Every structure is written in structure tokens, then in C-alpha cells.
Amino acid sequence: MEKIFHKSLSFVLHSLLFIFPFFFLNLTQEFFITNKLYLLAFGGLFLLSLSVIHLLISKKISWQIYPFDNFVLLFLTAMMISILFSSPNKVQALLNPNFGLVMMISLAILYFYLSRQKGPSSSNEVGPYIMKALSFSAFLLSVLTITFFFQPFQNANLPQFLAFLKNPGFTPVGSQLNLTIFLGFFVVLRVSRVILSGATKGSKVEGFKHDFIFNYSLLTINLLALFLTVYSLVKPIGQGNTLSLLPPFRLSWFAALEILKTPSSALMGIGLDNFSAVFTRVKDFTYNQSPLWQINAFNVSRSAILQILTETGIFGLLSFGLLIFSVSKLAVKQWINKTIRPFIFLFVYLFICLLIFPSSLIVWFLFFLTIARMSQTNQSVSSAPFDFSNLLPIYVGTVVIAFGLIVASGYFLGRSYASEYYFKKSFDGVIANSVKQVYDNQRQAIILNPYIERFRSNFAQTNLLIANNLAQKGPKNITEQDRQNIAQAIQAGITEGKAAVSLNPQKADYWQNLASIYLNVINAASGADVWTISAYQRAILADPQNPTYRVGLGGVYYSLKKYDDALKFFEQAIALKPDWPNASYNYAWANFQKENYPQAVNAMQNTLSLLNQKLNKADYEKVQKELDGFKKLLPKEEKKANKAAETVRGTLNLPTPPATYISPRLELPKEASPEAK
């Protein structure tokens with residue numbers, strides 16, 4: 001029985017290690033990391049199920065205590081406390097694939113099982129044994145990386161569900177940065193083993209005697225794949241490269257310092273899955289001048305270590321620091337052991353990755369794998385066996401509770417994954433141009449998991465689209481039934497927009513999404529203008545350095561012909577981002593409507609100076625024509641100037657009334673307002 005149990009555990013563990021780098025499915029909106037997360041989660045539950053079955057049959061349990069166990073559990077505890085006391089959306093904090101509790105618990109389970117695996121026969125040297133499956137997987141991944149670098153399917157006629165294979169950045173790992181870190185891990189491993197194999201050539205040290213040629217061959221393939229991946233990572237894309245799209249170090253550091261301002265956030269952090277909320281508070285004028293300014297917020301810090309501090313506070317950073325210290329202490333103690341030395345190099349490599357790169361499932365997977373291997377070298381392992389044979393009530397209770405927790409966790413994860421599946425199907429409906437398919441699948445996704453913010457915000461826009469489609473008939477052709485359907489769709493859209501806000505009111509994007517919903521029904525629902533303004537004000541409060549929200553709010557006042565208020569917010573947008581043509585353009589027209597012709601001319605000239613005549617040809621010609629009209633400063637030219645603005649299209653546009661128009665306007669309940677709970 002014991003032999004079958006250990007063989008089953010070994011098979012599952014090594015299958016997970018082999019499959020993990022390659023595993024992806026196009027059943028979810030994000031093909032790669034999402035599916036890897038659920039693979040680890042369900043794999044962890046399966047491992048626990050095997051252990052409970054073993055307990056059920058043997059009525060015995062033996063728990064071995066390894067050196068890092070307590071610190072891993074302490075780190076998990078810090079994350080749990082952060083979610084419990086600080087995270088606004090606790091379910092989404094559990095499911096975050098880059099730094100969430102489900103991810104970390106799954107990896108901790110993997111660590112506990114891997115650290116207790118032994119090699120063939122009676123040998124305790126299990127480094128090659130543990131790494132064999134993943135090393136072979138890394139070899140195949142390197143070959144695949146080299147193949148896809150040359151884009152073999154670029155001109156192939158592939159079905160729609162395989163179109164992603166044409167993407168030059170395709171990798172089963174998920175991103176070029178993650179692939180670089182993953183391949184770099186095995187290059188470090190191979191280099192250290194090649195050196196050690198060469199140094200011990202001719203010796204009888206187990207693990208090195210036949211490894212030199214093997215490791216050298218793998219190193220060559222891994223190095224070539226790494227070189228091509230790094231080239232893809234740093235090659236220019238537009239005005240930068242993939243690395244230039246990472247969160248800035250400076251603001252990530254400021255975000256970490258921001259949480260130290262209050263005792264509660266300093267101790268427990270801002271909460272998991274909540275980095276974007278603090279990022280918007282520390283953005284400054286310099287960020288608005290960078291190419292990243294249109295990214296309202298980042299969900300991850302530039303440094304995984306800084307993210308630990310920001311989201312879990314001093315307690316989380318201290319617990320992780322104790323884990324790092326414990327591993328470092330063991331590394332110093334075991335340095336003379338040449339079998340463990342490659343894993344010490346890997347530990348240092350991964351710690352550097354955690355310092356300079358964002359948190360990701362790939363990095364944490366490799367980290368827990370490495371410390372699991374290092375923990376096996378400790379000779380002072382204590383064991384705590386326990387026999388339930390004469391304790392029937394405790395035995396039954398333990399088995400029932402364990403199975404109950406596993407089944408409940410599996411049910412929760414199953415519903416969560418099913419919701420991701422239905423949400424992906426709704427995007428298939430967009431491709432098929434089927435509004436019904438989009439609506440039904442998004443609704444089902446929300447029924448299965450109502451706590452995912454992007455589900456609610458997207459469903460809000462879908463309901464708004466349905467209302468707009470019904471309103472296209474025109475006020476004279478809309479029947480009473482149409483009015484009821486439009487009212488229901490608008491109310492549902494507002495409800496879903498407010499639901500996204502209620503899940504995390506600290507995120508400005510959801511307030512802006514709610515404002516856009518109100519804005520689209522200004523001509524259809526009474527009171528929507530006031531609600532639009534209120535929602536935009538909340539967005540600005542949450543993200544005070546964002547110029548787009550101020551242009552949006554100024555646009556609302558402009559469409560309501562409240563030009564003084566519009567000018568105020570357009571001025572603020574210009575102050576936040578002086579080189580943004582659209583802010584200056586709207587400011588010019590607001591002045592024109594106020595008959596402030598000198599200011600209008602100056603603002604339009606400034607807009608023209610901000611446009612590239614070659615890259616923005618249509619906009620440049622449009623602004624030039626309108627500027628000529630402004631310069632004449634005659635009332636009769638106003639019509640001509642407005643006509644010029646309508647005939648030349650581009651990215652510069654004045655605020656226009658929404659298309660949804662119903663007369664008389666719908667009377668929505670007070671619950672539709674942003675302030676109503």
C-alpha cells in the first residue's frame with residue numbers, strides 16, 4: 001500500500017512539473033496564466049485527496065517537519081490576514097493569478113510534497129530526480145521557442161480558434177518576460193552543472209559522472225532559445241519595447257512608501273489584488289509625460305518584493321524575509337555540498353528576479369520548486385507519526401473534514417473556472433456578431449462568479465449596447481414595449497456598473513466606466529447628467545493625476561453648454577499633461593463658444609504645434625482649417641468653423657451628445673444614482 005501511494009504521488013508530481021510550462025487552453029479569455037493557475041490548484045487538491053485516501057486506508061499519518069515549513073506557512077498567514085482585513089474584493093484577491101492566495105496555497109502544497117519526495121532506491125540525492133521532468137519540459141520548450149521565432153504559421157490558413165499561433169510573441173509560458181525568466185533559470189542550472197561536471201570529471205560522485213555531455217547539450221539549446229527570447233523582448237515596438245511597458249520602479253517604490261502612512265495599511269498592506277488603487281494615488285506629473293501615461297493603473301508592482309510590502313504590509317514582508325533568511329542560512333551551511341550548489345545559484349537568481357521584475361506565477365513556481373529541493377538537504381528532519389487506530393471518532397472526523405474541505409474547494413474552483421469559460425464564450429459572440437450570445441454567456445459567467453470586476457463592467461456595457469440598439473429606431477418609432485425594454489437594459493447596465501464599483505470602490509476605472517454609462521443615457525434618462533458628473537468626480541478623486549477623466553468631465557459640461565465649468569476641467573487637464581493635443585483642442589473650442597477668441601486662437605495654435613504633420617495628417621489639416629476660421633473672429637465664421645470640424649475626422653473630437661435619445665425621457669429609480677447603495 002505504501003509503495004503504491006508513493007508511486008502515485010510521484011507520478012502526479014512529475015506530471016505536473018512536465019505539463020506546467022506548456023499548459024494552456026483557449027477556453028478562457030487569457031489562455032496561459034489563468035489555466036496554469038487552475039492546473040496547479042486542481043493538481044494540489046488531487047494530491048491532498050491521495051493523502052486523505054491513504055489516511056483512510058492506513059489509519060496513520062506521519063508529518064515530517066522541514067526547515068522552511070513554518071516560514072512558508074507564516075507567509076501564507078500574512079497573505080490571508082491582508083485579504084481578510086484590507087482587500088476590498090476578497091474573492092478576486094483569492095484568484096489573482098500573479099499574486100493571489102489560491103496561487104500561493106497551490107504552490108505551497110506543491111512545495112510540501114516535493115520537499116518530501118525521495119529519489120530511487122535508498123538515495124537521498126533527489127535533485128536530478130525532481131528536476132528531470134521539468135528539465136525535459138524546458139528542453140522541448142526551448143525547441144518550440146526556436147521554431148516559433150521564425151513564425152512558421154505566419155502565412156498559414158488557420159481556423160479562428162488557432163489564429164493565436166500567428167502571433168509572433170506566442171509562447172505557451174504566457175509572455176516573453178516569463179519565458180526569459182524560465183529559460184534563464186535552466187541556463188543557470190545547466191551552467192552550474194556543466195562547471196561542476198567538468199570539475200568532477202573522472203570522479204565517482206553520483207549525479208556528475210555521466211552528466212557533462214548531457215548538460216552541455218541542453219545548455220546549448222537553452223542558451224539559443226534564451227538569446228532569441230531576449231532579442232524578442234528588447235526589440236523596438238513603436239516608441240519602446242516590451243520592457244518599457246513594465247510599471248516604473250520609481251512609482252512602485254512610492255506606492256510601497258504610501259502604505260506606511262497609516263498604521264493599519266503599514267502592518268497589513270493595501271490588500272491583495274489592490275495595487276492599482278495605491279498606484280493611482282502616487283502617480284505624478286512625470287508619469288503623465290511618459291509613454292505609459294495612457295495606462296491608468298498597473299495591477300502589479302515593478303518588483304515582486306515591493307508588491308509584497310505594498311499589498312501585505314510589514315507583516316508580509318517580514319514573514320517573507322524570514323523565509324529568505326532561512327534559505328540563505330541553509331545555503332551557507334550546505335555550500336560544501338556540490339549537489340546542492342546549483343540550487344543555491346538558482347535561489348540567488350530567482351531572488352534577483354523577484355527584486356527587479358513583477359510578481360508572476362512562473363517566478364513563484366520556480367521559487368517554491370527551488371526551496372523544496374534545497375530543504376531536502378537538511379539532515380535534521382523531525383517526524384511526528386500519529387496512529388488513529390484506537391481513536392475512531394477523531395479518525396472519522398479528520399477524514400470527513402478533510403474530504404469536505406477538498407470537495408468544497410473543488411466546487412469553488414470549478415465554478416470559478418466555469419465562469420471564465422462562459423466569459424470567453426461571450427467574446428466569441430462578439431466575433432460572431434451575436435448580441436444574444438454575448439449577453440447570455442456574460443450573464444452565466446456572473447451567475448457562477450459574481451465577484452469578478454471585469455465581468456460586471458463588461459456586462460454593464462453589453463446592456464448599454466442593447467439599449468442603444470433598441471433606441472436606434474428613433475423617438476417616433478419606439479413603442480411602449482420598446483421603452484420598457486430600453487429602461488430595463490439601461491437599469492441593468494447601471495446596476496452592473498455600480499456592482500463593479502461596489503466590489504472595489506478604490507479603483508478609478510470602475511467609476512469612469514459608470515460615468516460612461518450615465519453619459520450614454522443622458523438624452524434617454526432623467527437625472528443622468530447629474531449622475532455622470534458625480535461618477536466622474538469620484539473617478540478624479542481616486543485618480544487625481546489622470547488628465548483623461550478631467551477631459552471627460554469637461555466634455556460633459558461642454559455638451560450641457562456649461563462652458564465655464566468645461567473650461568475649468570480642460571485647463572486642469574492641460575496642466576496635468578501640457579503635450580496632449582486633445583485637451584488643448586477641447587479648451588480651444590470651449591473658449592470659442594464663450595467668444596474668448598484670442599484664447600481660442602492661442603489654444604488652437606498650441607494644438608497645431610503638438611501634432612505631427614506627417615503622422616497626424618488628418619488631425620493636422622482639421623486643426624489648421626479650424627484655426628483659420630477662429631482667426632477671422634467673426635460671428636458668421638462660427639458656422640464655417642463648426643462645419644470644418646465635422647467634415648474632417650481624426651482622433652481629435654469635440655464632446656458630442658450620445659446617440660441614445662428617447663422622448664419623453666425615462667424616469668429611472670433613485671437606486672440608479674451613484675450614491676445609492
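With the requirement that a residue be polar (S, T, N, Q) and surrounded by 21 or more Cβ atoms within 10 Å (Cβ to Cβ), what does region 322-376 give you?
Quick first cut of region 322-376, residues polar (S, T, N, Q) only: 326, 328, 334, 337, 339, 359-360, 370, 375-376.
Ser359, Ser360, Thr370, Ser375, Gln376, listed by residue number.
Report, ordered by the first and then the second residue, all pairs with beta carbons closer than 7 Å, sequence separation of six or more or different chains, a first member in region 410-421 that is in contact (Cβ under 8 Å) with a residue 40 or more places away in the chain and buried (at least 16 other Cβ atoms within 10 Å of the Cβ), and a second member that is in a helix (DSSP H, G or I) and hydroxyl-bearing (Ser, Thr, Tyr).
Leu413/Tyr38; Tyr417/Tyr38; Glu420/Thr34
Starting from residues that are crowded, with 24+ Cβ neighbours inside 10 Å and within 14 Å of Val556 (Cα to Cα), keep the ones in region 521-533 and report whichever is nearest to the chain's Cα centre (by Cα).
For region 521-533, the residue satisfying everything is Thr532.
Counting only residues that are among the small types (Gly, Ala, Ser), outside the structural domain of Asn513 (by TED's automatic domain parsing) and in contact (Cβ under 8 Å) with a residue 24 or more places away in the chain, give me the helices (runs of 4 or more DSSP H) lying completely in region 296-395 with at least 1 of them. Can you show your working first?
Details: elements: 304-333, 341-356, 361-375.
Output list reads 304-333, 361-375.
Has region 582-591 got any residue that is crowded, with 18+ Cβ neighbours inside 10 Å and not in a helix (DSSP H, G or I)? I'd like the intermediate steps shown before the answer.
To start, the set of residues in region 582-591 that are crowded, with 18+ Cβ neighbours inside 10 Å comprises 582-591.
Checking which are not in a helix (DSSP H, G or I) leaves us with none.
So far as region 582-591 goes, no, none of its residues is crowded, with 18+ Cβ neighbours inside 10 Å and not in a helix (DSSP H, G or I).
Which one is surrounded by the fewest Cβ atoms within 10 Å (Cβ to Cβ), of the residues in region 274-295 that are among the polar types (S, T, N, Q) and part of a helix (DSSP H, G or I)?
Restricting to residues being among the polar types (S, T, N, Q) and part of a helix (DSSP H, G or I), the top hit is Thr286.
Quick check, is Ala432 closer than 16 Å to Asn520 by Cα and either modelled with pLDDT under 95 or acidic (Asp, Glu) (or both)?
no
For the condition modelled with pLDDT of 95 or more, of a type in the set (Gly, Ala, Ser) and out of contact with any Ser or Thr (no Cβ under 9 Å at 6 or more places or on another chain), what is the one hit in Gly316, Gly321?
Gly321
Pick out, from region 1-91, the helices (runs of 4 or more DSSP H) lying fully within it that include 3 or more residues that are β-branched (Val, Ile, Thr) and either within 23 Å of the chain's Cα centre (by Cα) or at pLDDT below 90 (or both).
Once the helices (runs of 4 or more DSSP H) in region 1-91 are filtered for at least 3 residues that are β-branched (Val, Ile, Thr) and either within 23 Å of the chain's Cα centre (by Cα) or at pLDDT below 90 (or both), what remains is 33-58, 69-85.
On the given criteria, is Asn469 surrounded by fewer than 19 Cβ atoms within 10 Å (Cβ to Cβ), free of Cβ contacts under 8 Å to residues at least 24 places away in the same chain and not acidic (Asp, Glu)? Talk me through it step by step, then tell me what you get.
Values: surrounded by fewer than 19 Cβ atoms within 10 Å (Cβ to Cβ): yes; free of Cβ contacts under 8 Å to residues at least 24 places away in the same chain: no; not acidic (Asp, Glu): yes.
So Asn469 does not fit the description; no.
Only one of these conditions is not met by Tyr620: (1) at pLDDT 70 or above; (2) surrounded by fewer than 19 Cβ atoms within 10 Å (Cβ to Cβ); (3) under 38 Å from the mean Cα position of the chain (by Cα). Which number is it?
Going through (1) at pLDDT 70 or above; (2) surrounded by fewer than 19 Cβ atoms within 10 Å (Cβ to Cβ); (3) under 38 Å from the mean Cα position of the chain (by Cα) one by one, Tyr620 breaks only (2).
Going by what's in this entry, would Asn449 be described as closer than 27 Å to Ser502 by Cβ, touching a residue at least 24 places away in the same chain (Cβ under 8 Å) and crowded, with 18+ Cβ neighbours inside 10 Å?
Considered against the rule, which asks whether it is closer than 27 Å to Ser502 by Cβ, touching a residue at least 24 places away in the same chain (Cβ under 8 Å) and crowded, with 18+ Cβ neighbours inside 10 Å, Asn449 comes out as yes.
Could we say that Met103 is modelled with pLDDT under 95, more than 18 Å from His6 (Cβ to Cβ) and either of a type outside the set (D, E, K, R) or over 23 Å from the mean Cα position of the chain (by Cα) (or both) here? Spell out how you get there, then give the answer.
Values: modelled with pLDDT under 95: no; more than 18 Å from His6 (Cβ to Cβ): yes; either of a type outside the set (D, E, K, R) or over 23 Å from the mean Cα position of the chain (by Cα) (or both): yes.
Criteria not met by Met103.
Any residue in region 142-154 that is in contact (Cβ under 8 Å) with a residue 24 or more places away in the chain sitting within a Cβ distance under 9 Å of a residue that is among the aromatic types (Phe, Trp, Tyr) and surrounded by 11 or more Cβ atoms within 10 Å (Cβ to Cβ)? List the pairs, counting only those 6 or more apart or interchain.
Listed by first residue and then by second, the contacts come to Ser142/Phe186; Leu144/Phe22; Phe149/Tyr231.
Which condition from (1) buried (at least 22 other Cβ atoms within 10 Å of the Cβ); (2) outside any helix (DSSP H, G or I) is the one that Leu553 breaks?
Unmet for Leu553, out of (1) buried (at least 22 other Cβ atoms within 10 Å of the Cβ); (2) outside any helix (DSSP H, G or I): (2).
Restricting to region 467-500, and then to whatever is of a type in the set (Lys, Arg) and in a loop (DSSP other than H, G, I, E, B), can you tell me which residue is nearest to the chain's Cα centre (by Cα)?
Just the residues of region 467-500 that are of a type in the set (Lys, Arg), to begin with: 473, 476, 483, 498.
After this cut, where a residue has to be in a loop (DSSP other than H, G, I, E, B) as well, the list is 473, 476.
Numbers: Lys473: 40, Lys476: 46 Å.
This residue is Lys473.
From the list Phe71, Phe22, Phe31, Phe18, exactly one residue is within 30 Å of Tyr395 (Cα to Cα) and assigned by TED's automatic domain parsing to the domain that holds Tyr113. Which is it?
Result: Phe71 is the single residue among Phe71, Phe22, Phe31, Phe18 that is within 30 Å of Tyr395 (Cα to Cα) and assigned by TED's automatic domain parsing to the domain that holds Tyr113.
With the condition kept exactly as written, say whether any residue in region 156-165 is at pLDDT 70 or above, aliphatic (A, V, I, L, M), closer than 23 Å to Leu17 by Cα and not in a helix (DSSP H, G or I).
no
The values are calculated or read from the model by the stated rules, or taken from the named source; none is laboratory data. These numbers come from a predicted model, not from an experiment. Quick reminder, even Gly has a Cβ in these numbers, built from the backbone with ideal geometry, and neighbours come from all protein chains shown.
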